[in-house]
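Worksheet: one structure, shown below.
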Amino acid sequence: MTVPPCRFSIAESDAPIEMLPRDLSHWQQGNCGVDYVHRFDSGCAGPELVVQALTHGNEICGANALLWLLENQVRPIKGALTLIFANVGAYQTFDPQRPFASRCLDEDMNRIWLPSRLHSPDTHETHRAVELLPYIENADSVLDLHSTTFAVAPMLIYPQTSGNTDFADRLQFPFPHLLYDPGNYHQGILISEHQRHATEGVSLVAECGQHFAKSTSEQALAVTLRFIAQHDMLASAVDVPAWGYAADDLAGHYRIDRVLNAQTEHFRFTESVSGFEQYNKGELIATDDQELIAAPFDNCTLIMPARVPVAGEEVVTLAERL
Ligand SMILES: [Zn+2]
């Protein structure tokens, strides 16, 4: 199958770059036969956890959180903890002049977790996903660490199941929670594929803040340690740091309604947006050539708008603030 080149991220950035990617070569040789995968088994019965970083190669906060765990020799006190640096090939192409371009090599690695794609891998990302899939399928719970183009509130994103919502509420995550029905959201997301297999665990994405902000890496570590702790797998000697960001009035629950694609190269938002702008039903959000795009419901919230709309590609997610 022919896939479009990874065009999403070629725009140059005006975001300050406070953090640069670190050299991961010391951690290339994992301990279970797959590069950049480290699994620590406590030897005691308990959950099988996976924390994945670098699903998107330019989202360096997750790599920094996993490096902290590895360098500080954090080990689960029960069950097993697997740490995955996913798209290291993309991460290694980082260029501070084009910091969004290392999101992927061939295609978005968070749209390919589909049996049809992984049965016959044909890109860098699908080949890597095939290597990682056994760990995802074997996991009770998965935390996938991400960051955002714009400096907006951190958020948790998860399929709307009672297990996920209970866990996320107990986590006391003081930022937006975005709940989705897999039928109404992007296809091929890692946590959706995990959710298909998981019977008791949880499947969460943590968006930890702006890609290159120092506080985003602090947030990634804070959410990762809380995720492990809430499975009762974190040694009491490990201090759990404060959240990397201050909570604000955007905290609360949102229902993801749909993803909009730009139909033409003339897609334009009606105002400068960065995410979490809210509209009442009928208010104009954007124009797409001749088409007017109005908010389809009240409390309609823009989530993760694209920096540069590209015809035929995702441009924004609409969510209802609950
Ligand atoms: Zn991401």
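Is it the case that segment 225-233 has a residue that's at pLDDT below 95 and either in the same structural domain as Val142 (by TED's automatic domain parsing) or surrounded by fewer than 21 Cβ atoms within 10 Å (Cβ to Cβ) (or both)? No; the residues of segment 225-233 include none that is at pLDDT below 95 and either in the same structural domain as Val142 (by TED's automatic domain parsing) or surrounded by fewer than 21 Cβ atoms within 10 Å (Cβ to Cβ) (or both). Residue check: is Arg111 of a type in the set (D, E, K, R), more than 30 Å from Cys44 (Cα to Cα) and modelled with pLDDT under 95? Taking the combined requirement at face value, the residue does not satisfy it. Which members of segment 92-111 meet the condition of being surrounded by fewer than 24 Cβ atoms within 10 Å (Cβ to Cβ) and farther than 19 Å from Ser192 by Cβ? Gln92, Thr93, Phe94, Asp95, Pro96, Gln97, Arg98, Pro99, Phe100, Ala101, Leu105, Asp106 - these are the residues of segment 92-111 that are surrounded by fewer than 24 Cβ atoms within 10 Å (Cβ to Cβ) and farther than 19 Å from Ser192 by Cβ. Here Asp166 meets each of (1) free of Cβ contacts under 8 Å to residues at least 12 places away in the same chain; (2) farther than 25 Å from Val240 by Cβ with one exception, condition (2).
Among the residues of segment 263-284, those that are touching a Phe, Trp or Tyr at 6+ places or on another chain (Cβ under 6 Å) and either touching a residue at least 24 places away in the same chain (Cβ under 8 Å) or more than 18 Å from Ala319 (Cα to Cα) (or both) comprise Ser274, Gly275.
Residue check: Leu292 meets all listed conditions (1) touching a residue at least 12 places away in the same chain (Cβ under 8 Å); (2) touching a strand residue (DSSP E or B) at 6+ places or on another chain (Cβ under 9 Å) but one, namely (1).
The values are calculated or read from the model by the stated rules, or taken from the named source; none is laboratory data. This structure is a prediction, so every number in the text was calculated from the model and none was measured. All Cβ positions, even for glycine, are placed from backbone atoms using ideal geometry, and neighbour counts span all protein chains on display.
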